[in-house]
Amino acid sequence: KHMVWMLNRILSAMVYTHDLGIVHCNIEPSHIMIKPDDHNVCILDWSYAAFRPSQTGDSFKVFTSIYSPSEVKEKRPPLPSSDFYSIGKVMIWLLGGDPETNYIPEKVEKKLRQFLLWFVEESPLQRPQDARKLHAQLIYTIESLWGTRRFLKFEMD
């Protein structure tokens, strides 16, 4: 459940940045800062971001093993789905899974596993395309699993 609120916050940030035409292009665990007291998340290191890549020709600038989608190596243009791929890999890692193989522990609800595996489809066109719709689908998925959302205190040692 803690991973879900983190994903919720990350997708909320992606709604904003993707609406501006910005694709992060390099999301990995070290680029996510968690603020447990108020359930906020900061996405760091925007230095490799692409601005309106379809219009400007802006491209990927770095490849991060495991967390970068195939379109980086293939030098294809960044898409919002490229960020979703990386976010999916980070969430798999956060759940104690293996982002290299996309293994998600069985203790994670099947609906949630399927939802996250959608993020890491190999083809960028098979992944989610729209942050706003994806965020809404996350809310629907978690409410169908656990009912009305409520604050869940997150403590870190």
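The values are calculated or read from the model by the stated rules, or taken from the named source; none is laboratory data. All figures in this text were calculated on a predicted structure; none of them were measured in a lab. Positions of Cβ are generated from backbone atoms using ideal geometry, with glycine treated the same way; all protein chains shown enter the neighbour counts. Just so you know, the surface numbers come from the protein's heavy atoms only, side chains and all, with ligands and any DNA or RNA stripped out. Shrake-Rupley method; radii C 1.70, N 1.55, O 1.52, S 1.80 Å.
For this structure, a couple of remarks:
- Cβ separations smaller than 6 Å between residues 6+ apart or across chains give the following pairs from region 115-144 residues that are open to solvent by 40 Å² or more (accessible area, probe 1.4 Å) to residues that are of a type in the set (D, E, K, R): Glu121/Arg127.
- Of the residues Thr141, Thr101, the single one that is at pLDDT below 95, within 16 Å of Gly88 (Cβ to Cβ) and not aromatic (Phe, Trp, Tyr) is Thr141.
- From the list Leu134, Leu112, Leu116, Leu145, the lone residue that is assigned to a helix (DSSP H, G or I) and touching a Gly at 6+ places or on another chain (Cβ under 6 Å) is Leu116.
- Condition check for Ser82 on (1) touching a His at 6+ places or on another chain (Cβ under 9 Å); (2) within 19 Å of Met6 (Cβ to Cβ): one failure, at (2).
- Among the criteria (1) closer than 11 Å to Val23 by Cβ; (2) among the acidic types (Asp, Glu); (3) touching a Lys or Arg at 6+ places or on another chain (Cβ under 7 Å), the one Asp83 does not fulfil is (3).
- Given (1) within 19 Å of Gly88 (Cα to Cα); (2) among the hydroxyl-bearing types (Ser, Thr, Tyr); (3) touching a helix residue (DSSP H, G or I) at 6+ places or on another chain (Cβ under 8 Å), index of the condition Ser65 fails: (3)
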